[in-house]
Amino acid sequence: MPERRKVPVVNASDDAQQDPVEPGIGAAPEQPPQFSPYHHPAAGWGAAASVTKVLVGERELLDGPRAILRMNHENGGFDCPGCAWPDDLKGLHLDICENGIKHVTWEMTRKRVDRAFFAAHTVTELMEWSDFALEDQGRLTEPMVYEAETDHYVPIRWQDAFALVGRTLRELDDPNQAAYYTSGRLGNEATFLYQLMARELGTNNLPDCSNMCHEASGRALTASIGTGKGTADLKDWEATDALFIMGVNAASNAPRMLTALAEAYRRGAQIVHVNPLVEAAATRTIVPHELVDMALFKATRTSTLNLQVRIGGDMALLRGMAKALLEQAPADPKALDLQFIERHTTGFEKYRAVCEADSWEEVERQSGLSRRDILRAARVYREADRSIISWCLGVTQHEHGVDTVREIVNLLLLRGNLGREGAGPSPVRGHSNVQGNRSCGIDHRPGAAFLDRLAEVCRIDPPREHGKDTVNTIKAMHDGRMKVFIGMGGNFALAAPDTPYTYAGLRSCELTVHVSTKLNRSHIVHGRQALILPCLGRTEKDQQRGGLQNTSVEDSMSMVHLSRGMKRPGSPQLLSEPAIIAGMARAALPDSATPWEWYVEDYDRIRDTMAEVLDGFEDFNRRVRLPLGFRIRQPARELVFLTPSGRAEFSCAPLPDVVPAPGTLALGTMRSHDQWNTTIYSDNDRYRGIKNLRTLVFLNREDMRERGIGEFDPVDVTSTARDGSTRSLHGYLAVPYDIPRGCAAGYMPEMNVLCAIGDYSTQSDQPIMKHLKVTVERAG
């Protein structure tokens with residue numbers, strides 16, 4: 001029987017108070033929780049054992065290894081549906097990782113969720129199941145529609161499902177009463193059709209998962225250097241002298257980065273990790289495809305310096321490094337690249353004044369680091385001829401995320417670390433095509449030039465006013481202003497902040513539509529009418545009238561390449577995402593001149609249109625078939641800055657005050673190792689030494705002692721929102737951890753409930769999942 005347990009939630013003063021909800025796995029552990037600090041190398045034999053266990057558990061001992069040999073392979077392989085780390089430039093046959101294999105095997109499962117399953121279980125019953133249990137039932141097999149009279153999902157024909165979507169969209173009073181959400185799993189061709197459908201219908205309501213992840217990065221980079229993407233690529237990683245890795249848990253979130261880190265260490269590069277927690281990737285690794293090292297248990301270091309900033313203290317560290325360089329410059333002419341600054345930047349003198357005005361005492365206080373440690377980092381940066389700074393959500397999910405990313409660029413500009421090999425900014429995107437989604441038109445704030453080209457090429461009249469992002473979509477649903485929610489992939493109900501508020505918003509919709517491969521919480525938290533539309537997985541063959549199709553994806557370093565599935569579809573009723581989008585579009589736009597059906601027959605036709613509309617996709621069909629695909633041009637890499645000044649622009653933002661008030665802690669949410677986004681594989685977190693537990697909070701030992709809390713003591717965690725409302729999780733277990741004083745951490749999506757819908761960055765509109773103000777007290 002599926003495991004069930006409610007996670008108690010209290011919204012003490014929130015006007016959206018709901019019944020207790022189950023925001024995470026919610027599975028009562030069969031074994032008592034265990035904690036033993038992890039001291040082994042990342043990856044290596046631990047990863048091999050984990051992969052073997054997964055393959056045996058899913059009974060994929062034949063197709064699993066076959067998939068491993070085809071994943072991330074340039075010759076007819078499929079792109080890993082996990083992270084967005086770029087493929088190996090040497091065409092490595094085993095360019096894979098533990099979490100990628102878990103993700104693929106989870107998708108390839110032989111288990112099926114068919115009409116018999118839905119007939120046996122009401123939606124009310126399924127709401128009691130854990131999220132692990134829901135997804136563990138297997139692959140969806142046919143389209144289903146919610147039947148309110150029986151509280152069951154029942155089968156519906158594809159054409160009838162499309163008709164329901166089309167009719168509901170046509171009957172809206174305003175096209176802006178519908179939202180079209182995208183997760184990073186959607187391929188480029190489907191992405192382009194999806195945004196085309198939304199804009200032909202008359203709205204820019206295109207929220208996406210980037211609104212919750214790297215929105216700050218895009219806005220900051222655009223403001224500083226005129227492009228919303230990083231400029232460094234994998235060749236630069238292979239040539240750099242110093243890597244600064246900020247706010248990234250690479251061993252779990254981008255495990256193939258471990259290869260790059262190990263190679264960098266071997267050639268003598270300096271590797272500085274900046275994170276409140278010293279994660280496994282910041283110690284040492286055994287790369288599994290390096291067979292000699294595996295056989296000899298030979299580990300390679302992946303760090304030369306670890307700096308444990310306080311939560312939110314990254315910007316102060318960067319400011320301190322810049323301050324150190326500026327102070328050294330009079331005696332050390334090479335501390336700054338004044339020629340680069342003069343030729344290619346603006347705002348330097350103002351930035352110099354800001355750095356001089358910040359005292360070392362304040363820099364130390366806000367960063368949580370000593371001046372000595374900050375100077376060590378500055379020395380690494382000064383002595384490196386070429387440096388890359390890489391970052392992830394530990395930097396972006398804060399009120400000041402945009403300012404911090406701009407400070408990263410400031411530091412790079414000081415020494416001319418832009419526009420040359422081995423240097424530049426390098427954000428680590430999470431999901432496999434989240435960057436491609438944005439490149440191909442998923443943007444609630446589209447530029448005029450893009451809309452002009454879309455109008456000219458596709459002969460539509462796209463709306464010009466901005467649409468709603470993720471947070472504002474949830475608010476509009478909650479207030480009854482959003483009637484239809486369509487989600488392409490993902491698990492929106494769990495990924496979003498303020499879980500009860502988001503649930504209430506989804507339930508207020510007239511229609512919710514989810515295009516998915518597996519059953520998840522978003523199907524159970526539904527609108528008055530609801531559809532589950534099952535699609536092909538990344539591993540499955542996509543056969544259309546024009547033959548077997550390829551889709552394309554873009555990695556986090558702007559490389560675009562093809563992906564082709566290898567397995568027979570899990571059900572004959574599965575449709576591809578482009579086919580589902582085209583079906584909905586034709587039903588909603590019966591008189592449209594857009595050749596929806598013609599596009600689906602052969603995806604080359606979609607790519608030909610994309611080549612006319614999208615910057616960087618010229619000659620798409622030829623270039624994407626080149627070995628390893630092609631890289632989208634980044635003007636800033638060529639020192640062409642599409643900013644108002646035509647130069648790279650220094651930012652002069654003041655340091656934010658991130659020191660918690662007395663009695664409070666700053667809490668950041670994060671994934672466990674045995675988890676990918678909202679998909680949870682078990683209650684274990686190997687790299688942090690946790691077994692059989694997810695409902696926990698990691699705390700500094702001194703903070704625990706001050707509060708009279710012991711290891712595994714049950715505690716209540718309460719957040720206070722900007723509006724003064726509070727949200728609580730009760731009975732979580734305290735785990736002592738090496739984390740700075742005043743800081744705490746716990747797992748998403750369980751802890752998303754602590755982030756109020758109003759707690760988002762005023763700079764990026766991102767929920768501030770990494771910087772929640774909380775109190776932690778002994779329970780009861």
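Assorted remarks:
- Test: residue in region 504-517 that is surrounded by fewer than 24 Cβ atoms within 10 Å (Cβ to Cβ), out of contact with any Gly (no Cβ under 8 Å at 6 or more places or on another chain) and without any contact (Cβ under 8 Å) to a residue 60 or more places away in the chain: no
- For region 564-597, residues that are touching a residue at least 12 places away in the same chain (Cβ under 8 Å), in a loop (DSSP other than H, G, I, E, B) and surrounded by fewer than 21 Cβ atoms within 10 Å (Cβ to Cβ) total 10.
Per-residue answers, yes or no, for (1) open to solvent by 10 Å² or more (accessible area, probe 1.4 Å); (2) part of a strand (DSSP E or B):
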site	(1), (2)
195	no, no
200	yes, no
221	no, no
229	yes, no
245	no, yes
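- Pair list, Cβ under 6 Å, 6 or more apart: region 749-768 residue closer than 13 Å to residue 729 by Cα, other residue β-branched (Val, Ile, Thr) and open to solvent by less than 10 Å² (accessible area, probe 1.4 Å): 751/669; 752/499; 753/499
- Any chance residue 167 is surrounded by fewer than 23 Cβ atoms within 10 Å (Cβ to Cβ) and within 22 Å of the chain's Cα centre (by Cα): no
- Region 395-422, residues that are among the small types (Gly, Ala, Ser) and more than 16 Å from residue 322 (Cβ to Cβ): 401, 419, 422
- Test: residue in region 704-725 that is closer than 18 Å to residue 277 by Cα and in a helix (DSSP H, G or I): yes
- Hits in region 669-719 (condition: open to solvent by less than 20 Å² (accessible area, probe 1.4 Å), within 15 Å of residue 50 (Cβ to Cβ) and among the charged types (D, E, K, R)): 685, 688
- Considering region 422-480, and only residues there that are open to solvent by 10 Å² or more (accessible area, probe 1.4 Å) and aliphatic (A, V, I, L, M), the residue that is nearest to residue 176 (Cα to Cα) turns out to be 460.
- Within the option set 284, 301, 319, 310, being farther than 26 Å from residue 42 by Cβ and not hydroxyl-bearing (Ser, Thr, Tyr) holds for one residue only, 319.
- Residues of region 632-658 that are open to solvent by 50 Å² or more (accessible area, probe 1.4 Å) and modelled with pLDDT under 95: 633 alone.
- Top-ranked residue of region 349-396 - restricted to ones that are open to solvent by less than 20 Å² (accessible area, probe 1.4 Å), touching a Ser or Thr at 6+ places or on another chain (Cβ under 8 Å) and not in a helix (DSSP H, G or I), ranked as nearest to residue 772 (Cα to Cα): 391
- Qualifying residue in region 414-426 (condition: within 30 Å of residue 722 (Cα to Cα) and assigned to a loop (DSSP other than H, G, I, E, B)): no
- Boolean, residue 311 is of a type in the set (A, V, I, L, M), touching a strand residue (DSSP E or B) at 6+ places or on another chain (Cβ under 9 Å), more than 30 Å from residue 414 (Cβ to Cβ) and in contact (Cβ under 8 Å) with a residue 60 or more places away in the chain: no
- In region 399-433, residue nearest to residue 186 (Cα to Cα) [restricted to those that are of a type in the set (Lys, Arg) and under 24 Å from the mean Cα position of the chain (by Cα)]: 429
- The residue that is farthest from residue 135 (Cα to Cα), among those in region 518-534 that are open to solvent by 10 Å² or more (accessible area, probe 1.4 Å) and assigned to a strand (DSSP E or B), is 529.
- Verdict on residue 756 being in contact with a Ser or Thr (Cβ under 8 Å, 6 or more places away or on another chain), of a type outside the set (Asp, Glu), open to solvent by less than 40 Å² (accessible area, probe 1.4 Å) and not in a strand (DSSP E or B): yes
- Residues that are open to solvent by 10 Å² or more (accessible area, probe 1.4 Å), within 24 Å of the chain's Cα centre (by Cα) and modelled with pLDDT of 85 or more occur in region 283-300; there is at least one.
- A single entry from 148, 161 fulfils the requirement of being among the small types (Gly, Ala, Ser), loosely packed, with under 15 Cβ neighbours inside 10 Å and more than 19 Å from residue 492 (Cα to Cα): 148.
The values are calculated or read from the model by the stated rules, or taken from the named source; none is laboratory data. Nothing here was measured: the structure is a model prediction, and the numbers come from that model. Neighbour counts are summed over all protein chains in view; Cβ atoms, including those assigned to glycine, are modelled from backbone coordinates with ideal geometry. Areas reflect the complete protein model, heavy atoms only, side chains present, ligands, DNA and RNA absent. Shrake-Rupley method; radii C 1.70, N 1.55, O 1.52, S 1.80 Å.
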